[in-house]
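The values are calculated or read from the model by the stated rules, or taken from the named source; none is laboratory data. These numbers were taken from a predicted model, which means no experiment stands behind them. Cβ coordinates were reconstructed from backbone atoms using ideal geometry, including for glycine residues, and neighbour counts include every protein chain displayed. We work out accessible area using only protein heavy atoms, side chains counted, and drop any ligands, DNA or RNA first. Shrake-Rupley method; radii C 1.70, N 1.55, O 1.52, S 1.80 Å.
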Amino acid sequence: MTSERSNLLSVNDDKASSSDDELPCDKERVSNQPSAGFSTAFTIALLPAIIIVIISATTLSTRSPRNNSSLVIEGKTNKFLKQCENDSTYTKHTVKTAYELPFAALFRDNKGQKKFEASSITIVNNEVYAVCDSSWAISKFKPSLLPFSDDNVQIGTPDRDGDFESGYEAIFHHEGSFYVIRESVLHHHNHDDGDEVSDGGEEEAGVDENHSYHAIIEEIILDDTDYTIKSQCSSEFEFEGTSKGFEGAIGFPDSTGTLYIIGLCEGNHCSEARKADAGHGRLVIMAKGEDENGNCVWKTYRIVHIPKSAYFIDYSDIDITNDGRVAITSQENSEVWIGTAVGISNGIIDPDKFGFDDDDDKTLQFPKSSDCRTIYCNIEGIYWMNSEMLMAVSDKMKSRGRQDFRCLEKDQSIHTFVL
């Protein structure tokens, strides 16, 4: 290709160098020019049309599309654009989009699904697995994100439990099993027979001696087309309602092989009432055990405070590499916090020592639009592809005017970013 391109350039150079020489047809071209009188009359005839075009162009240039105040109007630049223009360190604290694709373009057979409220991803043996809180199916696809590839499939039935949505907010893999976590589910306490779980279809109950909210952690075994549920166990940790439970999770074994799950609370203080008190993120470390009725339960081992430098309004997912590199995302802030965990080495956790290195962290924003507006409004899942790249998934944008219209462009998609 290099030699062909060089030849093309040399030919163009020859043509350019001969442009000053008179071509044989030049005299004929000159002789065929219209007379001055004709040109003047023609110009006068076109004058009204020219004036109309100028007026129309002026009107259009000062008219702003509906709900779009981001355009430059009458010479005034919007305040958002100024923020990016005046930010000399923009590239230092912004990740770069590498490639991305909407979920709708992944599957030849979407199993009747029209929405993909993606919430978490993991990568196992060069296969990406993702969950949506709107579906019971597990998405499986290649990291290359080729549209409509035969490698991209839905495992399981999207409507496994009828009209009830899964509430899946996290997925990770450990020793041949996948663990998927339902954010927070209402439990009815029957003190003689154990608990019953509500899958929706009723009003939320208050937290009292007969009702409480807990995450449900499912251990599942996947085959090519479906999955088998090996266990379903509630978390001992209680939430205040259904909307601010575990939003992400990751699992590591300790030196004895015992699996510990690190659950990320969506709300600050793990609370709905104090969810917006930024900078108070929490992790819940859990180990599997039994309750007084002999039912399996993921018991709370420790609660760990996320550093205040992750000054987020909400927390949407977490990933930790085997050597302790941490990524925590915020949907509301459209940012990712990068840090280092202590107490994890070679994929082994010491649950008593797990925490964070307070001297090694940074916060990066997801890319802005050309007018410096937030467009990655719904990042919910994150995973380290390698030391310099992250893969993320986005939820569906909020309807009824709760989010800016620009959020539609990136919602329900898979993204890859370069740090």
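What residue, among those in the stretch 244-287 that are in a strand (DSSP E or B) and free of Cβ contacts under 8 Å to residues at least 40 places away in the same chain, is nearest to V131 (Cα to Cα)? Break it down into steps so the answer makes sense when it comes.
Taking the stretch 244-287 and keeping what is in a strand (DSSP E or B), we get 246-253, 259-265, 282-287.
With the extra rule that they be free of Cβ contacts under 8 Å to residues at least 40 places away in the same chain, the set shrinks to 282-283.
Numbers: R282: 22, L283: 21 Å.
Residue satisfying both the conditions and the ranking: L283.
Residues are listed down the side, and each one gets a yes or a no for (1) of a type in the set (V, I, T); (2) within 23 Å of Y99 (Cα to Cα); (3) free of Cβ contacts under 8 Å to residues at least 12 places away in the same chain:
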residue: C132; (1), (2), (3): no, yes, no
residue: K142; (1), (2), (3): no, yes, no
residue: L146; (1), (2), (3): no, yes, yes
residue: G156; (1), (2), (3): no, no, no
residue: H174; (1), (2), (3): no, no, no
residue: F178; (1), (2), (3): no, no, no
residue: R182; (1), (2), (3): no, no, no
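Go through (1) more than 21 Å from H305 (Cβ to Cβ); (2) in contact with a Pro (Cβ under 9 Å, 6 or more places away or on another chain); (3) among the β-branched types (V, I, T) for T374 and report which single condition fails.
The single condition T374 does not satisfy is (2).
Return the residue satisfying two criteria in turn: it lies in the stretch 288-316 and is touching a residue at least 60 places away in the same chain (Cβ under 8 Å) and surrounded by 19 or more Cβ atoms within 10 Å (Cβ to Cβ), and of such residues it is farthest from the chain's Cα centre (by Cα).
V297
So S149 clears everything in (1) at pLDDT 95 or above; (2) touching a Lys or Arg at 6+ places or on another chain (Cβ under 8 Å); (3) crowded, with 20+ Cβ neighbours inside 10 Å except one condition, right? Which one?
(3)
Just to be sure before I move on: is S234 at pLDDT 95 or above and either closer than 17 Å to H188 by Cβ or touching a Gly at 6+ places or on another chain (Cβ under 9 Å) (or both) in the structure I sent? Reasoning before the result, please.
Numbers: at pLDDT 95 or above: yes; either closer than 17 Å to H188 by Cβ or touching a Gly at 6+ places or on another chain (Cβ under 9 Å) (or both): yes.
Yes.
Taking only the stretch 231-252 into account, find how many residues are open to solvent by less than 60 Å² (accessible area, probe 1.4 Å) and more than 27 Å from the chain's Cα centre (by Cα). Show your work before the answer.
Our first condition is that a residue be open to solvent by less than 60 Å² (accessible area, probe 1.4 Å); within the stretch 231-252, this holds for 231, 233-235, 237, 239, 241-252.
Right, trim to more than 27 Å from the chain's Cα centre (by Cα) and you get 231, 233.
Going through the stretch 231-252 one residue at a time, the tally reaches 2.
Being among the polar types (S, T, N, Q) and part of a helix (DSSP H, G or I) is the filter here, so list the residues in the stretch 80-122 that pass it. Full working, then the answer.
Of all residues in the stretch 80-122, those among the polar types (S, T, N, Q) come to 83, 86, 88-89, 91, 94, 97, 110, 113, 119-120, 122.
Q83, T91, listed by residue number.
What residue, among those in the stretch 356-374 that are out of contact with any strand residue (DSSP E or B) (no Cβ under 6 Å at 6 or more places or on another chain) and part of a strand (DSSP E or B), is most open to solvent (accessible area, probe 1.4 Å)?
Among residues in the stretch 356-374 that are out of contact with any strand residue (DSSP E or B) (no Cβ under 6 Å at 6 or more places or on another chain) and part of a strand (DSSP E or B), the one most open to solvent (accessible area, probe 1.4 Å) is D359.
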